[in-house]
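This report concerns only the one structure given below.
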């Protein structure tokens, strides 16, 4: 059981970390190969991209802390200091989500009437993806990537609370 959980946490941690690196490379290559998208000229792209990368970093920290604790202390319970750190970052995430809306408005004003629709579309996709990641980490689990999770979802017909959300409730008594 511990070995399966350790593999799962390692998978989640390494997946989040790999995503951070891959997204940076893809954005660079996309901007380089298709300069007409004007990606790096869009404030909405940068705010959305930084938000997504910041969320992935939080996921990396969360899963790594759980993995490290499982290996060292034989418990996968998230350390309180990590939960507190992520609880504080939740507010910053919300500020960045709102800032992205302002950045989109600014880009529409700046680029009117010749919008770089391809770049804005990519920025909007990244923004939506970041919001879904935010919900997935902080509220409701949206990602179901193994058989037992999918079976549980089909059986209960309800989305589960995210692991971090459960951790917030667990230490809420200790005052975040």
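The values are calculated or read from the model by the stated rules, or taken from the named source; none is laboratory data. Model, not experiment: these values are computed from the prediction. FYI the Cβ positions are ideal-geometry reconstructions off the backbone, even for glycines, and counts take in every protein chain you see.
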### Task
Identify, from the list 138, 125, the residue that is at pLDDT 95 or above and surrounded by fewer than 15 Cβ atoms within 10 Å (Cβ to Cβ).
125
### Summary
Residue count, region 110-146, condition in contact (Cβ under 8 Å) with a residue 60 or more places away in the chain, in contact with a helix residue (DSSP H, G or I) (Cβ under 7 Å, 6 or more places away or on another chain) and assigned to a helix (DSSP H, G or I), comes to 12
### Task
Select from region 77-87 the residues that are in a helix (DSSP H, G or I) and either in contact with a strand residue (DSSP E or B) (Cβ under 6 Å, 6 or more places away or on another chain) or in contact (Cβ under 8 Å) with a residue 12 or more places away in the chain (or both) and list them in ascending order.
80, 82, 83, 84, 85, 86, 87
### In region 32-58, residue surrounded by the most Cβ atoms within 10 Å (Cβ to Cβ) [restricted to those that are part of a helix (DSSP H, G or I) and more than 22 Å from the chain's Cα centre (by Cα)]
37
### Query
Counting only residues that are closer than 12 Å to residue 140 by Cα, in contact with a helix residue (DSSP H, G or I) (Cβ under 7 Å, 6 or more places away or on another chain) and touching a residue at least 40 places away in the same chain (Cβ under 8 Å), how many does region 150-170 have?
1
### Query
Based on what the data block shows, is residue 23 surrounded by 18 or more Cβ atoms within 10 Å (Cβ to Cβ) and either assigned to a helix (DSSP H, G or I) or over 20 Å from the mean Cα position of the chain (by Cα) (or both)?
no
### Query
Can you tell me which residues in region 59-76 are exposed (fewer than 15 other Cβ atoms within 10 Å of the Cβ), in contact (Cβ under 8 Å) with a residue 40 or more places away in the chain and either in contact with a helix residue (DSSP H, G or I) (Cβ under 6 Å, 6 or more places away or on another chain) or part of a loop (DSSP other than H, G, I, E, B) (or both)?
74
